[in-house]
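Here's the structure we're looking at; comments come further down.
The values are calculated or read from the model by the stated rules, or taken from the named source; none is laboratory data. Everything quoted here is computed from the prediction, not taken from an experiment. No Cβ is skipped: glycine too gets one built from the backbone with ideal geometry, and neighbour counts run over all protein chains shown. We work out accessible area using only protein heavy atoms, side chains counted, and drop any ligands, DNA or RNA first. Shrake-Rupley method; radii C 1.70, N 1.55, O 1.52, S 1.80 Å.
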Amino acid sequence: MSDLPSFSLPSIFDNPKGWGPSSAHPPSTSFKDVPYVLYSKSDKVSRAANWISPPDARDTRDNRNRNRRDFNQQTYGSNSASAFVYQAAEDEETFSLVDKRGMAAKKMAVRGMGRGGFSGRGRGRGAGMQRLGRGGARGAMQGGFRRRFRWRDDPTQHHRMTSVKPEESWELVQGIEFSRMADLSFSAREARVAGMYGSVGVYDHAFDRVTTRLEKPLRASGAVRYNATAREDPVLAQQTDVKVFATDSVLATLMAATVSTSAWDVVVNRVGSSLYLDKREGGPIDFPSVNENAAEPPADSGEKDASINLAPMLAMEARDINSNYIRQITGKSRVEYEANPFGGSGETPDDSAYKYRILDFSAREQKAESDSDSEAEEPIIGEKCLVALRTEVSGLLATGTGAHKQMFIRALTQHDVSAQGAGGALDWRQKLDSQRGAVIATEMKNNASKLARWAFQAVLAGADQLRIGFVARVSPRDRTRHAILGFQTYNPSDFVAQLGLNEFNAWGIAKALIDLCLGLEEGKYVIMRDPNKPLILLYKVPSATFEEDEQEDEPEAE
C-alpha cells in the first residue's frame, strides 16, 4: 500500500460574507501579474469543458447539428479585448496563391421537359437539348427575353457626360446624396404676386379635335424667346425686401433633382445678404432633354457628330418645337399686360407672359392639435426668408363666365422609334388614339425628369392647367418638319402625384438647398448633379467663371 501515490486535499478557505477570497485568507501570489480575459454581462457561458463528444469521435452522425448549434453561441469573453490574440510577426499582405485561376463553370446539357423540350420542336434524339452556361435554363430564357426587348442587366453601364467639367481651381464644399433628401418636407406659402408682364395668347379650341388621323402640321415661329437670368431681371431687382432670387426653370430643376439622371448645373451668386440662383448660358436647363430616364438614352456623341438623333441635337429640336407649339395653339387672340421687361425695338416677343411671385420660405413652428382650427399664423423660426420668382404663363383658357384660366403648355417629341435612345416607345401615329394610357406610361418612364420639371414649373406659376402636346416628325430622317398628333391635360398637383413624386418633399429639397446657400460666404458657387452617381456637388468657383463664355457668345448673337 505504501507504493500507491498519495493524494492530499487542498485547503479550502470559506468566505461566508461574499464571493472570492476573504481578507483573512488572501489568495496566493503565484498567480500575480498573470494576464486573464475580462468578461461582460452579454457573454454567454455554455460549458467549461466538453467531455461528452471529443473532436476525434468516430460517430459523427449527430455532430453536424451539434456543431451548428454550438457555432451560433457566443464564445465566453469574446466581447473583451484579449491579451492572448495572436499577433502576426511578419506582414502577410504580400502573400498570395500561386494559381489564381478560378474554376470555370461547367456546361451541362439539360433535356427539355415535355414534347419538343424548351424549343418546342422535334422528337428525335437530341430534340429539346440546349447547351446552357451559367444560370441554367432559366438564365437562357431570360437572356433571350432581354435581347429581344433590349433589356439591359446593368443600367449603370451607360457613362454620361458632365454638364461642366470641374477645374483645379474649384473647391468642393459639400456633397449631398439623394438618400439624404428623401425625408425632407416643407410647404412654401405665397406672400404676394408682384405683377404680370408681357402678353399671352388665348387657347384655340380647334386643336381639341386634333387626332392621329386629323393631324396638323407644326408651323415655325420667328418669335424671340427671352430667358434672362435672375440677376439680369429688372423686375426682380425692384424687390428690396427679398433675399433669394430665382426663375421657375432653375427652382424646378432643384425640386426634381432626385428624379434626374443626366447632368445639370446651377450657378449660385452670394452677394451681400442676397442669393441669386441662375442658370448657365447655354447650359442643360435651356434645353429639354429627350428620353433622359430611358434604359438606353440617346448617345451624347457618336461617329457622326452631325447625327440628328444624338442627345444634343434632340434637345435643340425639342426646344424649337416647344416654342412653335405654344405660339401655334394660342394664336386665337392675345391679352396684354405690362410692357415686356426684356428685348428691344424691332423684335417679336415670345408668346408667354411673365408672372412674378413672392414665396415665403420661412420656417415656422407647428400648431398644436388644440390650435389646428385657429386662423392665426404660426410664429417664424429664425429670420424671415422670402423668394422672388419669375414664372411663366404659356396661355389662357377662356371659360363660359368670361374669365380666363392660366395654362402651362409644353410638348413631348418623338423622333424615331427604331433609333437608339427611343426607349421602347410605341409609335404615336398608330397607338396614341387606341392605347393612350400605354403611350403616356411609357413617356412617364422615359422622360420622368423632364415631366417632373414641367409639373413643378406649373406649380410654381400657380397655373390652373398643365397641357402636354404630342408632336412627332413627319419623316424620321427629317428634323425640320413636324406634326401635332394630340394632347393631354392635367391638374399640376395631381400630375405630380401621378409621377410618383411628393410635392412636399420637393419643397423640402428646395428649402434645404436655399438654406445651405444662405449660409455660404460671399462669392460664386456651382451646384451640379453628378452624371453617374446619385449625388449633388457644391463647388466654390472663381468669380470670373463662365463669364468668358458669355462674352464669346455676345458677338454671335448680334
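Looking at this structure, is ALA455 over 29 Å from ALA398 (Cα atoms) and of a type in the set (Gly, Ala, Ser)? Even if it seems obvious, please write down each step before you answer.
Working: over 29 Å from ALA398 (Cα atoms): no; of a type in the set (Gly, Ala, Ser): yes.
No: the conditions fail for ALA455.
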Open item on the list: Conditions first: (1) in contact (Cβ under 8 Å) with a residue 24 or more places away in the chain; (2) more than 22 Å from ALA257 (Cα to Cα). ASN491 passes all but one, so which condition is the exception?
Closed with: (2)
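Report yes if ASN322 is of a type in the set (S, T, N, Q), modelled with pLDDT of 85 or more, farther than 24 Å from ALA398 by Cα and open to solvent by less than 30 Å² (accessible area, probe 1.4 Å), otherwise no. Steps first, please.
Working: of a type in the set (S, T, N, Q): yes; modelled with pLDDT of 85 or more: yes; farther than 24 Å from ALA398 by Cα: no; open to solvent by less than 30 Å² (accessible area, probe 1.4 Å): yes.
No.
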Open item on the list: Just to be sure before I move on: is ALA220 in contact (Cβ under 8 Å) with a residue 40 or more places away in the chain, within 34 Å of the chain's Cα centre (by Cα) and either part of a loop (DSSP other than H, G, I, E, B) or surrounded by 18 or more Cβ atoms within 10 Å (Cβ to Cβ) (or both) in the structure I sent?
Closed with: no
Task: Qualifying residues in the range 334-361 (those that are open to solvent by 40 Å² or more (accessible area, probe 1.4 Å) and polar (S, T, N, Q)) - the one modelled with the highest pLDDT - done: ASN340
TODO: Kindly establish whether GLY283 is open to solvent by 10 Å² or more (accessible area, probe 1.4 Å) and over 20 Å from VAL417 (Cα atoms).
DONE: no
TODO: Pull up the range 396-435, narrow it to residues that are free of Cβ contacts under 8 Å to residues at least 60 places away in the same chain and within 19 Å of ILE329 (Cβ to Cβ), then point me to the one that is surrounded by the fewest Cβ atoms within 10 Å (Cβ to Cβ).
DONE: THR399
Open item on the list: For the list (1) surrounded by fewer than 21 Cβ atoms within 10 Å (Cβ to Cβ); (2) at pLDDT 90 or above; (3) within 25 Å of VAL200 (Cα to Cα), I need the number of the one condition that MET313 fails.
Closed with: (3)
TODO: Report yes if ARG231 is assigned to a loop (DSSP other than H, G, I, E, B) and among the basic types (Lys, Arg), otherwise no.
DONE: yes
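Working only within the range 223-281, note down all residues that are within 19 Å of THR162 (Cβ to Cβ), in contact (Cβ under 8 Å) with a residue 60 or more places away in the chain and aliphatic (A, V, I, L, M). Before the answer, list the steps.
Narrowing the range 223-281 to residues within 19 Å of THR162 (Cβ to Cβ): 250, 253-254, 256-268, 278-281.
Then drop every residue that is not in contact (Cβ under 8 Å) with a residue 60 or more places away in the chain, which leaves 253-254, 256-268, 280-281.
If the condition is that a residue be within 19 Å of THR162 (Cβ to Cβ), in contact (Cβ under 8 Å) with a residue 60 or more places away in the chain and aliphatic (A, V, I, L, M), then LEU254, ALA256, ALA257, VAL259, ALA263, VAL266, VAL267, VAL268 are the ones that fit.
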- [ ] Quickly run through the range 479-514 and pick out the residues that are surrounded by fewer than 16 Cβ atoms within 10 Å (Cβ to Cβ) and of a type in the set (Asp, Glu).
- [x] ASP494
Task: Test: GLU296 is surrounded by fewer than 17 Cβ atoms within 10 Å (Cβ to Cβ), among the acidic types (Asp, Glu) and farther than 20 Å from GLU521 by Cα - done: no
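Is it fair to say THR212 is within 29 Å of the chain's Cα centre (by Cα) and surrounded by 13 or more Cβ atoms within 10 Å (Cβ to Cβ)?
On the way: within 29 Å of the chain's Cα centre (by Cα): no; surrounded by 13 or more Cβ atoms within 10 Å (Cβ to Cβ): yes.
Criteria not met by THR212.
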